[in-house]
Amino acid sequence: MKLSIGKTATGEDFFLRNDVVAEIYEALNEGNHLLLSAPRRVGKTSIIHYIKDNPTEDYYCVYVDTEDVTDSQTFFKVLLKAIFDIENKSRYQKSIEKAGKTIKGFFDKIDNVDIGGFFSIDFSGKDNESIDYYEKFKDFLEKVDLDNRKILLMVDEFPVTIEHIKDEQGEQAARNFLKQNRSIRQNDKYNQKIKFIYTGSIGLLSVVKKLNATVDVNDILPYKLKPLTLTEGLELSQNLLQTYKIEIEENVLKYLLKDKIEWLIPFHIQLSIKEIRDLFRIAPQKVNSEFIDKAFNELILNGDIYLDHYRGRLSKVFNRDELTLVHGILKKLTEQQTVNEAELYDLAVKHHLENSFKNILLTLEYDGYIVEYSDKKWRFYSPILKKWWSKNV
Ligand SMILES: Nc1ncnc2c1ncn2[C@@H]1O[C@H](COP(=O)(O)OP(=O)(O)OP(=O)(O)O)[C@@H](O)[C@H]1O
Ligand SMILES: [Mg+2]
């Protein structure tokens, strides 16, 4: 297993958490559509890529990233296109055959669905204004026979799409878009044929709250992707270290994981192991806790290229006044272990932003900065981000 930082972890470089994948399938089999939810960089995209690359026989898995989509018509067009995509189909077929099963004739059934000239549509060409892709999508689900299998459509960056539609076409259009998606999910007939997993690097709930449209997503079951356990963290670290031929005693690794990284997301483990490897290359030696301290400090010093995306998001989502408040909140949190929500609220009052306060906290939480640690007490999720923030911002 090689280091894989900043890009989706796939194949050999993906650390598999069997329980997570099993729980996701369990929730799907119970009939749910899912919202895979976790703060930034916890590993959402990597998980759904794994599911796409290793599908079970019952679900034809389709992955789409709709980050660039800015209108509802293109959204449904992109979904249809992905379902019919030849590469997608052959990946599924290969994976099922590898498991010793056959799915003969399955794709013919998809290909032969006649939804009114659909196959003559040039997907890559200019938009054909006369085609209603939402209607085509429903028509397809109406007619397709999937042999009791289901399409598992995994939509990455769904909340970004909603924001784009809002920005380009207004709030009403964004709400209509949510209703269109809901009505597909709520249709009993389609429900036998398709399940959705939504995820994204920004929080769906904070996006729909701003639109007063939470009712349009409350049928989706949230599945919270958790950080790794200590045992999993140790295993991932050992796997990576082995590749670079570095030996570290378990108690020293535990020191790294428990006392330094604390919030055990694969991303932060990868970043730390990279620093250890780089330091080890310059000066190979027995790795003890002082070595770990040094590597950890290097990570904070060198972290900009990996951590700056956290900061970049803030100036996109918050206006100037909100941003000033956000900086105030984060500054307070770098100075203390935990801070009472009431104290943070006082800051909001000072900035006349009481009304946005809740949503700001929610956004910061989803962005992976802060977490409600115990009742109404907030702290940074991660000492890495906390130290980096207090040094850089
Ligand atoms: N299962 C895993 N095995 C190994 N590394 C992982 C795994 N999951 C995540 N990572 C590490 O974390 C980084 C972020 O993962 P990923 O892009 O999947 O997260 P994400 O939750 O989709 O992030 P974002 O919210 O920014 O979209 C990867 O670049 C990789 O370094
Ligand atoms: Mg992602």
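A short reminder: the numbers here are calculations on the coordinates, not readings from a lab. The structure presented is a predicted model; accordingly, all values stated were derived computationally and were not measured. We place every Cβ from the backbone using ideal geometry, glycine too, and count neighbours over all the protein chains shown.
Of note:
- Under Karplus coefficients 6.51, -1.76 and 1.60, residue-wise ³J(HN,Hα) of the stretch 30-36 in Hz, glycine/proline x: 6, x, 8, 9, 10, 10, 7
- Estimated inter-spin distance, A99 and V349, nm [label 7 Å along Cα→Cβ]: 5.7
- Per DSSP, loop GluC sites (Glu not before Pro) in the stretch 143-252 with at most 11 further Cβ within 10 Å: E247, E249
- Across the chain, C-alpha contacts under 8 Å between residues 6 or more apart give a mean separation that, scaled by the residue count, equals a relative contact order of 19 percent.
- Helical runs (DSSP H, four residues minimum) scored at -39500 (n - 2.57) apiece and divided by the length of the chain put the mean residue ellipticity at 222 nm at -17000 deg cm²/dmol.
- With the alpha-carbon atoms of the chain aligned to their principal axes, the span from lowest to highest coordinate is 67, 56, 38 Å, starting with the largest.
- Among the listed pairs K81/K166; K274/K387; K226/K294, those whose Cα-Cα separation exceeds 26 Å are K226/K294.
- Prolate/oblate/rounded label for the stretch 230-302 (Cα gyration tensor, a/c 1.5): rounded
- When the trypsin sites (Lys or Arg not before Pro) in the stretch 149-181 are filtered for DSSP coil states and for at most 13 other beta-carbon atoms within 10 Å of their beta-carbon, no site remains.
- Ranked L221, L178, criterion: other C-beta atoms within 10 Å, fewest first: L221, L178
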